[in-house]
Each structure stands twice: as structure tokens, then as C-alpha cells.
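The values are calculated or read from the model by the stated rules, or taken from the named source; none is laboratory data. Everything quoted here is computed from the prediction, not taken from an experiment. Neighbour counts are summed over all protein chains in view; Cβ atoms, including those assigned to glycine, are modelled from backbone coordinates with ideal geometry. Surface areas here come from the heavy atoms of the whole protein model, side chains and all, with no ligands, DNA or RNA. Shrake-Rupley method; radii C 1.70, N 1.55, O 1.52, S 1.80 Å.
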Amino acid sequence: MAKVSRPPPAVALVLVLVGLVAAVADAAAGPRGLTCYTRVFAFGNSLTDTGNAAIFPATAGGPFARPPYGQTYFGQPSGRASDGRLIIDFLADELRVPQPTPYLAGRTAADFLNGTNFAVGGATALDQAFLASKGIMSFVPISLSNQTSWFQNVLRLLNSSSVYEQRKVMASSVFYVGEIGLNDYFFALNSNSVDVAVSLVPHVIGAIRSALTAMIAAGARTVVVTGMLPIGCEPQQLALFPGGPGDYDPATGCIARFNEVAERHNLALRVMLGELRLAHPGRPLSYADIYRAVTRAVASPTLYGFGGMPLAACCGGGGGPYNFNFTTFCSAPGSAACADPSKSISWDGIHFTEAANRFLTRAMLKGLL
């Protein structure tokens, strides 16, 4: 008898995911049933944005619009803050749904029917006025509440003749919320105040809760919320805030006090999601952890296929252990990309490489399953 070979781990993961998707969708679909998800609605910042910042007037023409952004996969800038694809791109591929249309690139219901990406590079969880009241300056006037309003606009465009039809559209959609709040903490830490960043945590979580509540009220059935990444492992933060030996985690070399902000955020986020599950039983509200995946990769990069300088940006001109400097930020004169981005975790000191995004997507899905 011929031996039946097992599928490789990556293929097995896809098969399990597709099976899970079909089961959950059937359970949520109602009388007619659905065989799979058909779209993704995404919210977040530049870690999720696939083109809105390239269109929004305040950010159009920024670094992401110039080479070498996009070089690995697209061969040219694609509006993504990476050398290639983002987590949302890999997630859509795994779910076998179309790539969601950047909100600012669409106009009609047909543009948004296959999914919408509301994320904008530089976006914050909290409104600009609130941040200003805390002495924090944000540079992009788009918050999570603005993205929620955009979602309501799309909902009105997609609104059909019956509540049942709308609920069917929502039930066949995955709602993905990226690492929103990261910029809020960045801006607070830039004033060199960990205490101010920590004070924002309950407000950021409250903003996420409000957005999730609006999604659920619209009929969302499946929601995935990404936790905060380890802020102290960002080459930008490491270069801007050098400290003494006691300031760094010995296993990773990351700034320990900055990572504590992310840990507080993630704990509060998990508690909030638990409360929403109790309030809305039967709705999958999932926490996607990328914090541990990043710290594992930084602590043991070669184990996960990365090179020996996990805290250095691939693209930039800063040199030194982190290769980060705002004056020679990636795509600026004097900057250059490393020879092999797939060996780097950080693309430009703030955002991940395509290789890291692929790794994080697999880790995230494995955790969800």
C-alpha cells in the first residue's frame, strides 16, 4: 500500500483555517447558510494601511510613496509601509478573500462589496483634540472614531432592502483591527514620558471598545483584534532613547519600560474583550497576540530565519546597532536598503519587513486556532 504523505505545516494550517472559517460562517449565516467568509473589513494604522495614506492629503507623497518601499513583492511602492506585503495581505490570502479596497480609493458600493480597509498610516486610537489636551501632538488627523464613521458610510452604501441581507453581509465578513494605539504611545513616549503613555492605556482601550461595539451593532460576527507589539523593540525607540544597561531586557535588548506599556495595553485589551464576549455571547471576539512572536524572534532570530541583527532597520541611513535616523529615514537621500530584507525583522525602524509580516501572520493564526 502506498504511503499517504502528510501536508507540510503551512498547508496544514491553511486547511485547518479554511475548515474553521466554513464552520463558523455556517453557524452564523442563518437559514441559507454560507460556505466561507467573503470579505475583510480592516482598521488600524500604517501596519495595516494598504493605500489610504498615499491618498489622504496630509500624508500623500510621504516616504511610503517612494522606492525602495514595495520592492520585494510589488516591485514598486504600493502604499504599504514595508518592502512588500502586510499582515492584512497575508490574512486575506489565508482566508481566500479579495484584498480589501482602501477606503479613500473607493466611491461606490461595488468598490467596497469585497471588503474595505479603513486603516491610515499615522492614525491614532484617540482623537487629536483629546491627545492635545494631554500635551501630545499627533500629525495625522485620523482616529479610530473617524475610521468607524467611514465604516458607517460604507454600511449605508452596502445597505440592501432588508435587515436580513445586511446581517448576511456582516456575518460573512471578518473584522480585523490592527495594532491601533501604537502611534498614541509613540507620541507620548516621544515626550520621554512613560507615565503619560501608561495613562493613555484605559482611553485607548475605551476607543477600541467603542469601535467594536459599533461593529457588533452593525451585525459583525467574527472580530479579530491584534494586541500591541513590543514598543521597546522598535529600532526607532532604541535609537532615540539610549539608556544604561539596566534599561534593557537582557534576553532581547529591548527597552524594558517601553515594553511594559505594551504589556499593560495587552492585559487591558484581553480583559475588555472578555467583557464584550459576556455581553455578546456567540460572537467570536478574538485576541491576536503578536507581542510574544516579536520578542521570540528578536531573542533568537536565526531560529526563525532572520539574521544576526534583529534590532536593526533594513532600510535607513543611521548606521550603528539600530540603523535608524530620521534625517536619513528609508527612501530619503542618504538611505539605503539592506541586501536581503528577508533576514530583517524591521524594514525602516518602525514597520516590519514582508518576511516578518509573514512570520507574524502565521504566529497569529496559530495562536487563534
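Given the conditions (1) crowded, with 17+ Cβ neighbours inside 10 Å; (2) within 21 Å of the chain's Cα centre (by Cα), which single one is not true for PRO202?
(1)
Are any of the residues in the stretch 95-104 in contact with a strand residue (DSSP E or B) (Cβ under 9 Å, 6 or more places away or on another chain), among the β-branched types (Val, Ile, Thr) and open to solvent by less than 10 Å² (accessible area, probe 1.4 Å)? Outline the logic, then answer.
The first filter runs over the stretch 95-104 and keeps only residues in contact with a strand residue (DSSP E or B) (Cβ under 9 Å, 6 or more places away or on another chain), leaving 95, 97-103.
Still in the list and also among the β-branched types (Val, Ile, Thr): 97, 101.
If we keep only those that are open to solvent by less than 10 Å² (accessible area, probe 1.4 Å) as well, we get none.
The answer is no; no qualifying residue exists.
Identify the single condition in (1) more than 17 Å from ALA119 (Cβ to Cβ); (2) surrounded by fewer than 20 Cβ atoms within 10 Å (Cβ to Cβ); (3) in contact (Cβ under 8 Å) with a residue 12 or more places away in the chain that ALA214 does not satisfy, given that it satisfies every other one.
ALA214 satisfies all of (1) more than 17 Å from ALA119 (Cβ to Cβ); (2) surrounded by fewer than 20 Cβ atoms within 10 Å (Cβ to Cβ); (3) in contact (Cβ under 8 Å) with a residue 12 or more places away in the chain except (1).
Listed here are the residues, each with its yes/no results for (1) in contact with a Phe, Trp or Tyr (Cβ under 8 Å, 6 or more places away or on another chain); (2) open to solvent by 40 Å² or more (accessible area, probe 1.4 Å); (3) of a type in the set (Ser, Thr, Tyr); (4) in a loop (DSSP other than H, G, I, E, B).
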| residue | (1), (2), (3), (4) |
| --- | --- |
| LEU126 | no, no, no, yes |
| SER138 | yes, no, yes, yes |
| MET170 | no, no, no, no |
| VAL174 | yes, no, no, no |
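Only one of these is basic (Lys, Arg), out of contact with any helix residue (DSSP H, G or I) (no Cβ under 8 Å at 6 or more places or on another chain) and under 17 Å from CYS314 (Cα atoms): ARG80, ARG66, ARG107. Name it.
ARG66
Which numbered condition in (1) part of a helix (DSSP H, G or I); (2) open to solvent by 40 Å² or more (accessible area, probe 1.4 Å) is the only one that ASN192 fails?
With (1) part of a helix (DSSP H, G or I); (2) open to solvent by 40 Å² or more (accessible area, probe 1.4 Å) applied to ASN192, the lone miss is (1).
Please go through (1) surrounded by fewer than 16 Cβ atoms within 10 Å (Cβ to Cβ); (2) farther than 22 Å from ASN45 by Cβ; (3) polar (S, T, N, Q) for GLN152 and return the number of the only condition it doesn't satisfy.
Checking GLN152 against (1) surrounded by fewer than 16 Cβ atoms within 10 Å (Cβ to Cβ); (2) farther than 22 Å from ASN45 by Cβ; (3) polar (S, T, N, Q), the one that fails is (2).
Take VAL294 and decide whether it is open to solvent by 50 Å² or more (accessible area, probe 1.4 Å) and of a type outside the set (Lys, Arg).
Against the criterion (open to solvent by 50 Å² or more (accessible area, probe 1.4 Å) and of a type outside the set (Lys, Arg)), VAL294 does not qualify.
Has the stretch 309-320 got at least one residue that is farther than 20 Å from ALA65 by Cα and surrounded by fewer than 18 Cβ atoms within 10 Å (Cβ to Cβ)?
Within the stretch 309-320 (the criterion being farther than 20 Å from ALA65 by Cα and surrounded by fewer than 18 Cβ atoms within 10 Å (Cβ to Cβ)), the answer is yes, since at least one residue qualifies.
Of all residues in the stretch 52-102, count the ones that are in a loop (DSSP other than H, G, I, E, B), farther than 26 Å from SER143 by Cβ and free of Cβ contacts under 8 Å to residues at least 60 places away in the same chain.
5
When residues of the stretch 264-284 are filtered for being crowded, with 16+ Cβ neighbours inside 10 Å, under 22 Å from ILE87 (Cα atoms) and modelled with pLDDT of 95 or more, how many remain?
4
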